[in-house]
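In what follows, a structure is listed as structure tokens, so that the remarks can point back to it.
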Amino acid sequence: MSARQPVRPGASLRTALLVTALLGVVPGAAAFAQDRSDTGRTRPPAPAPKVAPPPPPTVAPVDGDVRWIAGLGFGIADAGDLFRVETADGVAVPWGQDDRVRFTASRFTATVDPGSEVTAFAGRRLGGSRWWLRGELSRGASDVAAEALLGQGGEVFHFDRLTFLTGSLGAEARLTSFPSYPYGSFGLTVARMTAERATDLDQTGLGFQAGFGYRQRLGRAHLAVETQLRRIAIDIKDFRPSVATGSEPALVYEPADDLWLFEIRLVGSRAW
């Protein structure tokens with residue numbers, strides 16, 4: 001019987017390392033084989049997780065919490081020609097009232113000169129939009145000049161003085177979203193015209209208006225410059241300027257069918 005060979009320590013160590021490596025490789029190979037399909041192609045990548053879209057941004061309403069605006073304006077108004085009259089035979093006559101001669105001419109044109117005007121207005125915002133409901137009241141006074149033909153030339157005389165009281169209701173819209181902004185307006189208007197001397201000119205007319213302006217914001221206060229054009233229907237076909245002395249001659253009379261009131265004003269207002 002042969003003697004038993006002693007076990008070398010280095011051989012036992014190598015055997016332990018080999019067993020450990022085999023135990024790590026076999027599970028990895030099994031997992032790799034399982035990941036492959038029968039056709040030999042790789043599996044498609046997993047879909048990316050769905051991300052919920054961000055909520056839409058909240059749009060702050062124009063003018064924030066402003067709901068009302070009111071203000072006062074001062075400016076000038078012009079209305080153009082009122083009527084034209086001349087004698088049928090071209091003979092000069094004395095024009096005036098109550099035997100008081102103001103001027104003598106064969107023909108003249110009555111023109112409304114620019115005059116002062118004061119306007120008060122108030123507006124209510126429609127929801128959270130850029131539209132406002134606007135109402136206003138204006139009062140203005142203008143002289144009426146008689147541009148008379150005298151010989152080969154002409155001269156201007158004072159004929160009368162008119163007062164205009166107008167009220168309107170319409171819509172106003174801001175044209176940008178900036179704190180200071182341009183705006184436009186349109187609406188219906190009613191006007192009362194009264195004369196200082198020729199009371200036959202007194203009447204009330206209806207019409208429409210349109211305007212444009214720019215409003216500078218100063219905190220809750222605003223300063224604006226605005227223009228406005230009003231067309232007011234009038235009926236002065238039965239009116240005739242009076243002759244101061246003598247009988248009235250045959251006249252050629254050409255009245256205006258409407259008045260175009262052009263106004264420009266400086267407006268101060270406050271919003272709340």
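Any read-out appearing in this document is the output of simple, stated calculations on the displayed coordinates, not a laboratory observation. All values reported here derive from a predicted model rather than from experimental measurement. So basically every Cβ, Gly included, is an ideal-geometry build from the backbone, and we count neighbours across all protein chains shown.
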Using modelled amide H (1.01 Å from N, peptide plane; none on Pro or chain starts), what sits under 5 Å from the amide H of Ala105, excluding residues fewer than 5 places away? Val93, Trp95
Most positive-pole-ward Cα, Gly140, Gly154, Gly128, against dipole of the stretch 115-172 from beta carbon charges: Gly128
What is the projected area of the convex hull of the Cα atoms of the stretch 165-272, averaged over all directions, in nm²? 8.7
Using the per-residue mean of other Cβ atoms lying within 10 Å as a proxy for protection, in what order, highest first, do the peptides 139-152, 241-254 fall? 139-152, 241-254
Once amide hydrogens are built 1.01 Å from N within the peptide plane, the residues lying 5 or more places from Arg67 or on another chain with amide H under 5 Å from its amide H are Trp272
Using θ = phi - 60° and the Karplus relation 6.51 cos²θ - 1.76 cosθ + 1.60, list the HN-Hα couplings for the stretch 136-144 in order, rounded to whole Hz, with x at every Gly or Pro. 8, 9, 10, 9, x, 9, 9, 7, 10
Which ³J(HN,Hα) values, rounded to whole Hz and listed in residue order, are derived for the stretch 227-234 from phi using the Karplus coefficients 6.51, -1.76 and 1.60 in 6.51 cos²θ - 1.76 cosθ + 1.60 with θ = phi - 60°, glycine and proline given as x? 10, 8, 10, 10, 10, 10, 6, 10
Which value, in debye to the nearest 20, gives the size of the charge dipole of the stretch 98-252 about its Cα centre, when Lys and Arg are +1 and Asp and Glu are -1 at the Cβ? 1160
Karplus-derived 3J(HN,Hα) from phi for the stretch 259-266 (6.51 cos²θ - 1.76 cosθ + 1.60, θ = phi - 60°), whole Hz, x at Gly and Pro, runs 10, 9, 8, 9, 10, 9, 8, 9
Give the calculated FRET efficiency between Trp272 and Lys50 to the nearest 0.05, with a Förster radius of 35 Å applied to their Cβ-Cβ distance. 0.15
For Asp257, what charge total do you get from the other residues with a beta carbon under 15 Å from its beta carbon, if Lys and Arg give +1 and Asp and Glu give -1? -1
The stretch 230-272: projected area of the alpha-carbon convex hull, averaged over directions, in nm²: 6.1
